[in-house]
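Worksheet for the structure shown next.
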Amino acid sequence: SAKHAGRNQIKDFNVELKYALLEKIELVKDLRNAIANNEFHLVFQPIVNRFGKVVKFEALIRWSHPTKGLIPPDQFIGYAEESGQIIMIGEWVILEAKMALEKLKGLYGEEIQVSVNVSPLQLSNSQSDSTKLLYELLTGVFSESTPNKNGLIVEITENVFMSSEEGAQQQLLNFRKHGIQVALDDFGTGYSSLAYIMNYQMDYLKIDKTFVSRLDGPESSVSLCEGMIAMAHSLGMTVVAEGVETSEQAALLCEYGCDYLQGYYYSKPKRLDEILGREVDQNVTNT
Ligand code: C2E
Ligand code: MG
Ligand code: MG
Ligand code: MG
């Protein structure tokens, strides 16, 4: 009967909830040892200019869980934020990205930049020690070999503006003072407001991949992308399109003046060794 089916649905729902909660508790527990056990690594995805030249890389975290295998960030960053572990993980990411930046400079030149994703919690006042450390990491106080202060770019999402975390927005203004570039990630998916964009004068606007993927599809978002690019430019921002998968998308974006492009069409995110090794191999076959 319908009544019976309904009861079963509730039971299934409870079982699923319970399972999800147990899984979460387990992952949060496992996260505690992940740094010490070397279970994290970064992958790097190139960002190219309109001529296809690699100008930046985005650093993306990966977790090789000892029994569950590779866990993508969307499946654990949220838990790490809830548990506060994102602070430690975020520091690890910046240190790793900084080391990678130095190696990438050897291959791509001093101008190459690496962008890192930063959670609103990492910017909050309630974590003042960690915020101070974040500056020091970003500005290079701890490192002898960082002449280029702008080598690292901080990627934030619109959540920073929604965050009740005391001072997160103030930190964004401080970044600017310290010459640290900021990119607004996933633009168009959150509670976008022109006011934020105008008040915080960020350096880059990253058009979310949902808009890019619809560019050559049936529900065309051509005029939307065109509008976002024009708006960003009028505010002095540089535009990066993410999730570019086809040459058609790339061509349209370039036609509307998009500055930089990132996506599987150019390259999937790769481990640093692979990026450094590949280039060497290419040089060998070219000669
Ligand atoms: P994001 O910062 O917007 O990163 C872009 C995501 O799009 C990455 O997923 C990337 O692998 C994926 N992507 C790139 N090109 C394409 C494409 O052409 N097609 C499609 N379908 N996808 C593409 P990933 O690596 O799974 O990361 C997901 C999200 O997790 C990131 O989104 C970011 O919000 C978060 N994240 C990743 N690493 C970190 C980190 O170190 N710290 C923090 N706080 N968050 C991170
Ligand atoms: Mg990002
Ligand atoms: Mg994004
Ligand atoms: Mg995202």
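The values are calculated or read from the model by the stated rules, or taken from the named source; none is laboratory data. Remember, it's a predicted structure, so these values are computed and weren't measured experimentally. Quick reminder, even Gly has a Cβ in these numbers, built from the backbone with ideal geometry, and neighbours come from all protein chains shown. Only protein heavy atoms, including side chains, enter the accessible area calculation; ligands, DNA and RNA are left aside. Shrake-Rupley method; radii C 1.70, N 1.55, O 1.52, S 1.80 Å.
Given N residues in region 1-110, what is Rg(Cα) / (2.2 N^0.38 Å)?
1.53
Leaving ligands, DNA and RNA out of it, rank Ser267, Ser64 by accessible area with a 1.4 Å probe, largest first.
Descending order: Ser64, Ser267.
About its Cα centre, what dipole magnitude does region 171-275 give when the only charges are +1 on Lys and Arg Cβ and -1 on Asp and Glu Cβ, stated in debye to the nearest 20?
Dipole magnitude for region 171-275 comes out near 420 debye.
Counting only C-alpha contacts under 8 Å and six or more residues apart, can you give the relative contact order of the chain as a whole percent?
Reported as a whole number, the value is 16 percent.
Based on the Cβ-Cβ distance of Asp216 and Glu82, what FRET efficiency does E = 1/(1 + (r/R0)^6) give at R0 = 30 Å, to the nearest 0.05?
My answer for the efficiency is 0.20.
Counting DSSP beta bridges in the chain, what percent are antiparallel, to the nearest 5?
45 percent
Let me know the charge dipole size of the chain about its Cα centre in debye, to the nearest 20, where only the beta-carbon of Lys, Arg (+1) and Asp, Glu (-1) is charged.
Charge dipole, the chain, about its Cα centre: 400 debye, nearest 20.
Of the listed pairs Lys29/Lys270; Lys103/Lys177; Lys56/Lys206; Lys53/Lys268; Lys98/Lys209; Lys53/Lys105, which have alpha-carbon separations greater than 18 Å here?
The answer is Lys29/Lys270; Lys103/Lys177; Lys98/Lys209.
Which of these, Leu107, Leu17, Leu42, has the largest mean-square fluctuation under a Gaussian network model of the chain (Cα springs below 10 Å)?
Comparing Leu107, Leu17, Leu42 in the GNM, the peak value goes to Leu17.
Along region 246-260, what does the Karplus equation 6.51 cos²θ - 1.76 cosθ + 1.60 (θ = phi - 60°) give for ³J(HN,Hα), rounded to whole Hz, x for Gly and Pro?
Residue by residue, region 246-260 yields 10, 5, 5, 4, 4, 5, 4, 4, 5, 4, 8, x, 4, 7, 10 Hz.
Could you give the accessible area per residue of region 165-278, probe 1.4 Å, as a whole number in Å²?
Heavy-atom SASA per residue in region 165-278 reads 48 Å².
In a Gaussian network model over the chain where Cα atoms closer than 10 Å are linked, find which of Gly179, Gly263, Gly151 has the largest mean-square fluctuation.
Result: Gly179 has the largest fluctuation of those listed.
Which ³J(HN,Hα) values, rounded to whole Hz and listed in residue order, are derived for region 83-93 from phi using the Karplus coefficients 6.51, -1.76 and 1.60 in 6.51 cos²θ - 1.76 cosθ + 1.60 with θ = phi - 60°, glycine and proline given as x?
8, x, 5, 4, 4, 5, 5, x, 5, 4, 4
Evaluate the relative contact order of region 198-281 (contact order divided by residue number), counting alpha-carbon pairs under 8 angstrom at least 6 apart; express in whole percent.
29 percent.
Going highest first, how would you order 53-60, 31-38, 217-224 by mean Cβ packing within 10 Å?
Highest to lowest by the protection proxy: 53-60, 31-38, 217-224.
Once the whole set of protein chains is in place, how much accessible area is left on Glu155, using a 1.4 Å probe, in Å² to the nearest 10?
10 Å²
Once the dipole of the chain is set up with Lys and Arg at +1 and Asp and Glu at -1 on Cβ about the Cα centre, which of Cys254, Leu184, Ile35 lies farthest towards its positive end?
The Cα lying farthest towards the positive end belongs to Ile35.
Using a Förster distance of 51 angstrom, determine the FRET efficiency expected from the C-beta separation of Thr238 and Asn14, and round it to 0.05.
The pair Thr238/Asn14 has a calculated efficiency of 0.55.
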